[in-house]
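Here's the structure we're looking at; comments come further down.
We did not get these values from a lab; they are worked out from the coordinates using the rules stated. This is a predicted model, so every value here is computed, not measured.
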Amino acid sequence: MINLPGWCVRLAVLYALAGMALGEFMGASGDHTLQPVHAHINLLGWVTLALFGLIYKAWPAAAAGKLSLWQFILFNIGIIIQMTGVTVIYSVGPETGGPIAGIGSTILIIAMAMFALQVWRHCRS
C-alpha cells in the first residue's frame, strides 16, 4: 500500500522548491509577470498538498482506499495543467491559456470534492 501522507508531503516540498525558485528568478530578473503562477504553486502545491498529507496522517482511514489515491493523482495533474494554463495566460494571452487553466481548475475542484468526501466520511473523531 502506498504511503499517501508521505507522498503528499514529499511532493509538497518539491512544489515549495519550484515556487521558491520561480520567486527567486522573478526577483533577480525584475520581471514579476509570472507572480500568479508563483502564488498558485505555493498555495496549491506546497500548502494544500502538505495539508492533505497531514490530514491523511491524522486520520489514516481517510487515506485508505482507491478514492484517496485517485484524489492525490488528480490533484497533482490539476496543478500541472492549471500552472501551465496560468503561465500561458501571462506569457501569451488569455485566449490561449484560459481554456488550459480552466481544465486544470476543474480537475482541482473535482479532486478537492473527493478530498472533502473522504474528510466527511472519516474525520469524525
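To the nearest Å, what is the center-to-center distance of the stretch 20-34 and the stretch 40-58, using C-alpha atoms only? The stretch 20-34 and the stretch 40-58 have Cα centres spaced 23 Å from each other.
Normalising the average separation of contacting C-alpha pairs (under 8 angstrom, six or more residues apart) by the number of residues puts the relative contact order of the chain at 26 percent. State the percent of C-alpha pairs, over all pairs in the stretch 70-113, separated by a distance greater than 16 angstrom. Of all Cα-Cα pairs in the stretch 70-113, 31 percent lie more than 16 Å apart.
When Rg and Dmax are taken over the Cα atoms of the chain, they come to 15.6, 49 Å. Rounded, prolate or oblate: pick one for the stretch 1-65, where a ≥ b ≥ c are the square roots of the eigenvalues of its C-alpha gyration tensor, a/c under 1.5 means rounded, and failing that, prolate if a/b is larger than b/c, else oblate. Prolate, since a/c reaches 1.5 and a/b exceeds b/c.
Where in the chain are the DSSP H helices whose alpha-carbon span along the long axis reaches 30 Å or more and whose Kyte-Doolittle mean is at least 0.0? For the chain, where a helix must reach 30 Å along its axis and average at least 0.0, the hits are 4-29, 66-91, 94-122.
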